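Asker: This is the structure I have questions about; it appears just below.
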């Protein structure tokens, strides 16, 4: 009698080999001689494994090992085929010897180079080319490369304002893709410059703007000073601001001033510095008036003036001529 099972893992086969078969106590063993004379065999036919009992109650694993080697060989062949298919074509800078592209120039300059698609396989390959990370214009966005042939595709890249990493990617119709890097360096003078603009004193704060007029990224530092009628009323030493200012950018900031004087005129001066010698100073004037006391005094003055006017008005006696005052000049009439 034989037992049939689907593909058994090697671990289960080892367990079966180590475990003796269970037999009923006192049960008869018909055809024992035929069973004891048999040897275990494990064969594969149409994807089904067949097991036969043996006399020594062990399972032979020789055929199982052979079947495992057959499956491993098939998997290896599949991986080798996939690897060969993926390696039939490649993307690289034209001319050989370069792992990636490198371009350097003034910002806005248009530089040219060539990318190569090499097909080492026995069948044609069609790939689609795209540029990323920079302004890249390819002569052809899609190219069909015959077997054992190389296709060269020129392209143009525009140098950005700052250094940047870009690349060219090729994607095949079967889903495979490759990428070659393109390193861009902007050849610009290293200039640090900034301006401080639009300084205003509004309530309990000072508003201002910093503009990066150079070609390098700046981390500004700010110092604040304010002078009033009786001397300096505010002085804050230079400190680094929690801001990073790229070239050409404008930054709007606010400086708190909670204890601003409530009377008199003050002149506020802001000094901003940064690495590379960048610095600028701007100032603004602010006039403070204590409107509460002023309003109270104005009201009291208006009341006194009204009372005086009322007291000065009295009735004139009947028949009394109007009184006029004349300045004596010494003239004789």
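The values are calculated or read from the model by the stated rules, or taken from the named source; none is laboratory data. As the structure is a prediction and not an experimental result, all values here were calculated from the model. Cβ coordinates were reconstructed from backbone atoms using ideal geometry, including for glycine residues, and neighbour counts include every protein chain displayed.
Asker: Filter the strands (runs of 3 or more DSSP E) completely within segment 211-270 down to those with at least 3 residues that are under 15 Å from residue 200 (Cα atoms), touching a residue at least 24 places away in the same chain (Cβ under 8 Å) and touching a strand residue (DSSP E or B) at 6+ places or on another chain (Cβ under 8 Å).
Answerer: 221-228, 250-256
Asker: Among the listed residues 224, 233, 219, identify the single one that is touching a helix residue (DSSP H, G or I) at 6+ places or on another chain (Cβ under 8 Å) and surrounded by 11 or more Cβ atoms within 10 Å (Cβ to Cβ).
Answerer: 219
Asker: Give me the strands (runs of 3 or more DSSP E) completely within segment 97-142, filtered to those with at least 2 residues that are surrounded by 15 or more Cβ atoms within 10 Å (Cβ to Cβ), in contact (Cβ under 8 Å) with a residue 40 or more places away in the chain and not assigned by TED's automatic domain parsing to the domain that holds residue 215, ordered by residue number.
Answerer: 101-105, 110-119, 125-132
Asker: Can you name the condition, by its number, that residue 248 falls short on among (1) within 18 Å of residue 101 (Cα to Cα); (2) surrounded by fewer than 15 Cβ atoms within 10 Å (Cβ to Cβ)?
Answerer: For residue 248, the failing item is (1).
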